[in-house]
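Data block below; observations after.
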Amino acid sequence: MNEGPTRSGGITVSEDGNVATIVLSRAPLNILNQAMMEDLLRALDLVSKDETKRVLVLRSGVSGVFSAGADVREHLPAAAERMITTFERLLARIVSMPIPTIALVQGKCLGGGMEVAMACDFVLASEGASFGQPEIGVGVFPPGATALYPRLGGRRSTLDVVLTGNVFSASEAHAMGLLTHVASDAEVEARLGSLVGALRSKSRAVLALAKRAVNENLAKPVDEALRDSSKLYLTELMKTEDAEEGLSAFLEKRAPSWRDR
């Protein structure tokens, strides 16, 4: 990544040491049109290829909104295939990022904006945030939500969100299992800093393998998941320099010096 912020239509990418931040800045509502989704994909690729980064934060630069969703005009038959295909790639790219991803949500988080946030590994919301998938009200359904949310909050929470089109408070979304943390509006930035601090101090190589183990074993039977997770531990994790360094540092009562490999 280049020093200082990198800007592309509605997207800003900045870095602070081993932490990258992508800011959605398409006022007034951060509507995700085709161009903005493609810019976001390019930003994710930029961060993914930077092996010095250990954490990615995704947040809004527009007051009162994370994102109000995808452009309704691009849901119409003439543009739908291109839009849905691009959006599928975007969500898959977020899920597959090699480093932990954090969505910071303050304000409205609706439709495609909610799906983008939910694709992240951690979702940190302020108490004033609100969440919803209103697509059912205009005669469509959110394909990303139907794929992602059963893995997060389960079938009942997913159906509540997708079939009603209702808007839920941050506390309600947290109770559904869709959020990681909820903090007061005054404390949410400090909570973000604490979470980022806990992650950025870890080995990138080990973070990536641990995330991979969780993602790959989600849909497997328990016995198969246990076997495959143990195999990944023995055949890949134990061959990293950082696994040896971390264990040695613990035994020697010193702080580890990560090599990220």
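The values are calculated or read from the model by the stated rules, or taken from the named source; none is laboratory data. From a predicted model like this one, the values you see are computed outputs, not experimental measurements. Cβ placement follows ideal geometry from the backbone for every residue including glycine, while neighbour counts extend to all protein chains displayed.
Has the range 103-120 got any residue that is basic (K, R) and within 23 Å of V55 (Cβ to Cβ)? No: the range 103-120 contains no residue that is basic (K, R) and within 23 Å of V55 (Cβ to Cβ).
With respect to V161, determine if the residue is in the same structural domain as K108 (by TED's automatic domain parsing) and modelled with pLDDT under 95. Here the answer is no, as V161 does not meet what is asked. Comparison of L124, L58, L91, L148 shows that the only residue that is crowded, with 16+ Cβ neighbours inside 10 Å and touching a His at 6+ places or on another chain (Cβ under 6 Å) is L124.
When residues of the range 161-198 are filtered for being in contact with a Phe, Trp or Tyr (Cβ under 9 Å, 6 or more places away or on another chain), in a helix (DSSP H, G or I) and crowded, with 16+ Cβ neighbours inside 10 Å, how many remain? Number satisfying all stated conditions: 6.
Between L209, L237, L232, the distinction of being farther than 26 Å from E15 by Cα, under 25 Å from the mean Cα position of the chain (by Cα) and in contact (Cβ under 8 Å) with a residue 24 or more places away in the chain belongs to L237 only.
Scanning the range 106-119 for residues that are basic (K, R) and either in contact with a Gly (Cβ under 8 Å, 6 or more places away or on another chain) or at pLDDT below 95 (or both) turns up at least one hit.
Does K220 satisfy the criteria of being assigned by TED's automatic domain parsing to the domain that holds M238, in a helix (DSSP H, G or I), charged (D, E, K, R) and on the phi < 0 side of the Ramachandran plot?
When the stated conditions are applied, K220 does not pass them.
Restricting attention to the range 58-95, the residues being in a loop (DSSP other than H, G, I, E, B) and farther than 30 Å from S171 by Cβ number 1.
Among the residues making up the range 119-154, those that are of a type outside the set (S, T, N, Q) and over 30 Å from L207 (Cβ atoms) are G128, G132, P134, E135, I136, G137, V138, G139, V140, F141. Kindly check whether there is at least one residue in the range 114-126 that is over 13 Å from the mean Cα position of the chain (by Cα) and over 16 Å from I31 (Cα atoms). Yes, the range 114-126 contains a residue that is over 13 Å from the mean Cα position of the chain (by Cα) and over 16 Å from I31 (Cα atoms).
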